[in-house]
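The values are calculated or read from the model by the stated rules, or taken from the named source; none is laboratory data. Here the structure is a predicted model, which means the values were calculated and not measured. Virtual Cβ from ideal backbone geometry, glycine too; neighbours counted across all protein chains shown. Areas reflect the complete protein model, heavy atoms only, side chains present, ligands, DNA and RNA absent. Shrake-Rupley method; radii C 1.70, N 1.55, O 1.52, S 1.80 Å.
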Amino acid sequence: MKEEYRAIPLTERVYWVGAIDWNLRDFHGYTTHRGTSYNAYLILADRITLIDTVKKPFKEEMLSRIASVVDPRRIEIIISNHSEMDHSGCLEEVARELAPKEIYASPMGVKTLKEIFPNFSEVKPVADGEKVSLGNMTLSFLETRMLHWPDSMFSYLHEEEILFSQDAFGMHLATQERFADEIDYDILNYEAATYFANIILPYSPLVTKLINRVSALGLTFRMIAPDHGPIWRKNLDHIIGNYSRWALQKPSMKAVIAYGTMWQSTEKMARHIGEGLASKGVKVAIMSCDVFHRSDVIYELLECGAFIVGTSTLNNNMLPAVADLLTYAKGLRPQNLIGATFGSYGWSGEGALQAMEILKEMKVEIQEEPIRVKHVPAAFDLLSCRHLGERIATEIEKRVKEIS
Ligand code: FEO
């Protein structure tokens with residue numbers, strides 16, 4: 001029996017026709033505890049238009065939702081706001097089946113789609129600021145390079161005042177509800193911040209520029225419709241304000257201690273550094289790399305003051321789980337952090353030194369040489385760890401005042 005899905009109206013003329021991926025738990029290294037959605041949007045203009053498509057295995061779900069309101073073969077225009085495969089994976093097949101008259105992407109999008117689908121050459125470029133008439137409605141386009149890929153762009157539907165923002169303002173959250181105002185506020189904030197930290201963070205300066213640019217254009221927004229998670233239709237200033245704030249990456253009275261341990265010596269050191277930080281009023285997240293996923297550590301690093309990393313030494317190296325976290329964190333380029341490293345060892349003790357070098361590459365301001373302890377920390381060593389935490393707390397407080 002053919003499965004039937006329904007489109008969800010945003011307005012009388014605009015529908016959500018995407019797919020819900022309840023089971024996704026990994027998005028290129030980011031653990032997605034609550035799944036995701038791939039959002040596509042149907043505009044019932046004179047020239048019926050589809051904004052983005054979905055990940056390839058979900059093509060039939062999208063087509064079924066479209067078919068619940070209109071024959072999919074009546075689609076005349078497809079817009080590809082972002083060519084990453086979670087949004088373009090079925091584009092070539094959909095284009096073959098539906099034969100739209102026009103497919104548009106940014107100039108970089110045209111290039112990227114050609115690289116992904118070598119035999120697919122029907123995509124036309126739209127320039128930054130260009131308008132495309134849908135007959136009785138108009139779309140205009142805004143290049144948003146690197147948010148999240150070089151090809152990315154926003155589309156704005158003037159008559160409905162809807163911004164189709166692809167990855168930006170999205171989150172990985174599978175829900176039956178389609179609007180943010182229908183979802184628990186704490187879940188929304190947590191998932192939006194986790195998404196920002198794991199996807200958008202490296203491009204924070206571009207977010208600031210983009211928000212300033214969009215403000216200068218004087219457009220009004222009735223809704224922001226991203227390509228993942230719920231649609232924003234109320235209190236849009238809340239998510240825009242969060243993006244503005246997160247992009248600044250200002251430090252707060254908070255520290256993350258992430259560590260890997262072999263025989264709990266490094267773990268004890270972590271806990272005593274945490275005691276020192278907390279005694280001076282710093283909120284501390286103490287996270288074993290064997291227990292917490294790398295993307296959960298990155299969430300905690302958002303608007304954090306210090307990143308402190310501990311590792312035992314294994315065969316002259318840091319522990320693999322710590323290397324995993326640091327490789328991931330380095331790519332995301334968190335800013336305005338101070339840090340330190342520490343760890344126990346049996347005979348050579350390179351781990352904490354290696355971790356320190358990576359933190360330096362990340363431009364984390366190292367406060368002092370690593371505390372390294374042979375085998376098991378004595379009471380004196382644990383007191384040193386506590387004092388390190390206290391000194392870092394004092395420095396965080398100073399920097400929070402400076403960068404506020
Ligand atoms: Fe949702 Fe950058 O893809």
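Annotations for the structure displayed:
- Counting only DSSP beta bridges whose two residues both lie in the range 8-248, roughly 60 percent are antiparallel.
- For the chain, the carbon plus sulfur part of the accessible surface works out to 52%, probe radius 1.4 Å.
- Surface listing: K374, K209 arranged by accessible area from highest to lowest gives K209, K374, probe 1.4 Å.
- Each DSSP beta bridge with both residues in the range 136-237 is either parallel or antiparallel, and the antiparallel ones are about 65%.
- Multiplying the residue separation of K111 and E402 by 0.36 nm and subtracting their alpha-carbon distance yields 100.4 nm.
- Principal semi-axes of the equivalent ellipsoid, √(5λ) from the alpha carbon gyration tensor of the chain, are 46, 21, 18 Å from largest down.
- Positive minus negative residues near I371 (Lys, Arg vs Asp, Glu; Cβ under 15 Å): -1
- The modelled label-to-label distance between K131 and N242, using points 7 Å beyond Cα along the C-beta direction, is 3.3 nm.
- Taking GluC sites (Glu not before Pro) across the range 144-216, the ones in a DSSP loop with at most 13 further Cβ atoms lying within 10 angstrom of their Cβ are E161, E177.
- For K250, the aspartates and glutamates whose Cα falls under 17 Å of its own Cα, not counting residues fewer than eight places away in the same chain, are E300, E303, E365, E395, E397, E402.
- FRET efficiency for V291 and L383, using Cβ-Cβ distance with R0 set to 22 Å, rounded to 0.05: 0.25
- Seen from G29, the other residues with C-beta closer than 13 Å to its C-beta sum to a net charge of 0, counting Lys and Arg as +1 and Asp and Glu as -1.
- Residue-normalised accessible area of the chain, given per residue in Å² at a 1.4 Å probe: 42
- GluC sites (Glu not before Pro) within the range 302-359: DSSP coil, no more than 16 neighbouring Cβ in 10 Å: none
- With semi-axes defined as the square roots of five times the eigenvalues of the C-alpha gyration tensor, the equivalent ellipsoid of the range 31-98 measures 21, 12, 11 Å, largest first.
- Using the Cβ-Cβ distance between S68 and W347 with R0 set to 56 Å, the FRET efficiency from 1/(1 + (r/R0)^6) comes to roughly 0.25.
- Lys pairs, the range 8-248 - Cα-Cα below 24 angstrom, 8 or more residues apart or on other chains: 22
- Qualifying lysines (Cα of each under 21 Å from Cα of K374; at least 8 residues distant if same chain): K268
- Filtered GluC sites (Glu not before Pro), the range 1-70: DSSP coil and at most 10 other beta carbons within 10 Å: E3, E4, E12
- Full-extension gain in nm, K363 to V376, via 0.36 nm per residue minus C-alpha separation: 1.6 nm
- Principal axes of the range 8-248: Cα extent on each, largest first, Å: 42, 39, 37
- For the range 295-313 versus the range 370-395, the spacing of their alpha-carbon centroids is 17 Å.
- Inverse of mean 1/r across different Cα pairs in the range 255-397, Kirkwood, Å: 14.4
- Rounded accessible area of W22 (nearest 10 Å², 1.4 Å probe): 120
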